[in-house]
Amino acid sequence: MSLNSFGHMYKVTTWGESHGPSLGATIDGCPPGIEINQTKLQSWLDKRKPGQSKYTTQRKEPDQVEILSGVFQGFSTGTPIQLMIKNTDQRSKDYSEIAETFRPGHADITYWQKYGIRDYRGGGRSSARETAARVAAGGVARLVLNHLVPDIKIFGYMTQMGEQKIDRSQIDLDQINKNPFWCPDAKASEEWKGYLEKIRKSQDSVGAIIEVVAKNAPAGLGAPIYGKIDTDLAAAMMSINAVKGVEIGEGMNAASLLGSENADEIFLDEENKPRYASNHSGGILGGISTGQDITVRFAVKPTSSILSPKKTITQKGEETEIITKGRHDPCVGIRAVPVGEAMMACVLLDHYLLHRGQVGKNKGNIG
């Protein structure tokens, strides 16, 4: 199986399976001299790890990250950084009954058709457990960005769970870390508790929409045509397990707007710098960042592993019925928030390093 890497200058390769002894990431292209330690990285892994509330899978994994190479005396050396996270709470026996049966909505059948072999224990390589490695790599990217672009801030939150949406007029970013859903609307987060609990008790699951924002991202990141930063952002978010849709800025809604509504008018601020009246573009024009907030949304499908019986087939071509046992998220979108943040950080750093290598500083002056 190839194609386990992403990025250009900041290149990340993830490895490992859900029920293997460990998983992790190899990072190539991290600049030297960046302060990196396990404590700094652990804060982001703690945000993603399972078993933190009754609203997520009850698999208990500490997700302790270990730095095996590329860091000396607390600073990056410029050589490949190897990160490892040990698996400690696997229950492979939970999956023995599906060794030769394909779970509807999972990658079981496509992996088998393509490779003729699959790790059925928790989904193996296709498991969302793989995203722990991405969050670790994203933590390194954040530390580098904080060094190179100190004002940049990356954060994500849920805007929708199933049919339940936040009230955008009530967004309070201080609320994001105060509830189990990373929800910026205090009222919505309270309503979601009962909503998700009802779904969980009915042995079902529900999807979600996550929004990720990068504030104070510099203008000039990205390149026309095949190097667009929104192209790489869309690919990065779509590569996350269970993601089925990605939007930049106004996204699909742009199709319902008039040109007079969608265009972001430009003014000069008191420092003679560009100021935009709106941000329908999501902070990107022609594949290049404008200096506004970069805004990405992605939709996560409902968890396919549910206790309700579903019709399926076996590897031998027999029709059967299956109930997927094990410990699963009733709304996998909850733990997708820190994964989206990590992918945003990796893509922004990658494009910052590309920009620095090709252009250095922005060339065009205004005024």
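The values are calculated or read from the model by the stated rules, or taken from the named source; none is laboratory data. Worth saying up front: this structure is predicted, and the values here are computed from it rather than measured. Cβ: placed from backbone, ideal geometry, glycine included. Neighbour counts: every protein chain shown. The accessibility values were calculated without ligands, DNA or RNA, using every heavy atom of the protein model including side chains. Shrake-Rupley method; radii C 1.70, N 1.55, O 1.52, S 1.80 Å.
Here are the numbers for this structure:
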| item | result |
| --- | --- |
| Hits in segment 237-286 - residues which are exposed (fewer than 11 other Cβ atoms within 10 Å of the Cβ) and acidic (Asp, Glu) | Glu265, Asp269, Glu270, Glu271 |
| Residue check for Gly162: more than 28 Å from Gly105 (Cα to Cα), at pLDDT 95 or above and not hydrophobic (A, V, I, L, M, F, W, C) | no |
| All helices (runs of 4 or more DSSP H) inside segment 174-285 with 3 or more residues being more than 20 Å from Lys47 (Cβ to Cβ) and touching a Phe, Trp or Tyr at 6+ places or on another chain (Cβ under 7 Å) | none |
| Pair list, Cβ under 6 Å, 6 or more apart: segment 221-248 residue within 21 Å of Thr131 (Cα to Cα), other residue at pLDDT below 95 | Asn241/Ala128; Ala242/Val332 |
| Residue within segment 308-331 that is touching a strand residue (DSSP E or B) at 6+ places or on another chain (Cβ under 9 Å), in a loop (DSSP other than H, G, I, E, B) and of a type in the set (S, T, N, Q) present | yes |
| Hey, Asn146 on the phi < 0 side of the Ramachandran plot and either among the β-branched types (Val, Ile, Thr) or touching a helix residue (DSSP H, G or I) at 6+ places or on another chain (Cβ under 6 Å) (or both) or not | no |
| Residue in segment 83-106 that is modelled with the lowest pLDDT, counting only those that are open to solvent by less than 50 Å² (accessible area, probe 1.4 Å) and part of a strand (DSSP E or B) | Thr101 |
| Residues of segment 288-345 satisfying the condition of being surrounded by 20 or more Cβ atoms within 10 Å (Cβ to Cβ), hydroxyl-bearing (Ser, Thr, Tyr), over 27 Å from Asp151 (Cα atoms) and within 21 Å of the chain's Cα centre (by Cα) | Thr303, Ser305 |
| Residue that is farthest from Phe6 (Cα to Cα) [pool: residues in segment 203-236 that are buried (at least 18 other Cβ atoms within 10 Å of the Cβ) and acidic (Asp, Glu)] | Glu211 |
| Some residue of segment 179-195 being surrounded by fewer than 18 Cβ atoms within 10 Å (Cβ to Cβ), touching a residue at least 12 places away in the same chain (Cβ under 8 Å), among the hydroxyl-bearing types (Ser, Thr, Tyr) and out of contact with any Lys or Arg (no Cβ under 8 Å at 6 or more places or on another chain) | yes |
| Residues being in a loop (DSSP other than H, G, I, E, B), in contact with a Lys or Arg (Cβ under 7 Å, 6 or more places away or on another chain) and open to solvent by less than 40 Å² (accessible area, probe 1.4 Å) - total across segment 1-39 | 3 |
| Segment 107-118, subset of a type outside the set (Phe, Trp, Tyr) and buried (at least 19 other Cβ atoms within 10 Å of the Cβ), residue modelled with the lowest pLDDT | Arg118 |
| One residue from Arg134, Arg125, Arg168, Arg121 being touching a Ser or Thr at 6+ places or on another chain (Cβ under 9 Å), open to solvent by 30 Å² or more (accessible area, probe 1.4 Å) and under 23 Å from Ile81 (Cα atoms) | Arg125 |
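For every residue, the table says whether it meets (1) part of a helix (DSSP H, G or I); (2) more than 30 Å from Pro32 (Cβ to Cβ).
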{"residue": "Thr295", "(1), (2)": "no, yes"}
{"residue": "Ile334", "(1), (2)": "yes, yes"}
{"residue": "Val337", "(1), (2)": "yes, yes"}
{"residue": "Ala342", "(1), (2)": "yes, no"}
{"residue": "Arg356", "(1), (2)": "yes, no"}
{"residue": "Asn365", "(1), (2)": "no, yes"}
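Residues are listed down the side, and each one gets a yes or a no for (1) of a type in the set (A, V, I, L, M); (2) in contact (Cβ under 8 Å) with a residue 60 or more places away in the chain; (3) in contact with an Asp or Glu (Cβ under 8 Å, 6 or more places away or on another chain):
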{"residue": "Lys273", "(1), (2), (3)": "no, yes, no"}
{"residue": "Glu318", "(1), (2), (3)": "no, no, no"}
{"residue": "Ile323", "(1), (2), (3)": "yes, no, no"}
{"residue": "Gly340", "(1), (2), (3)": "no, yes, no"}
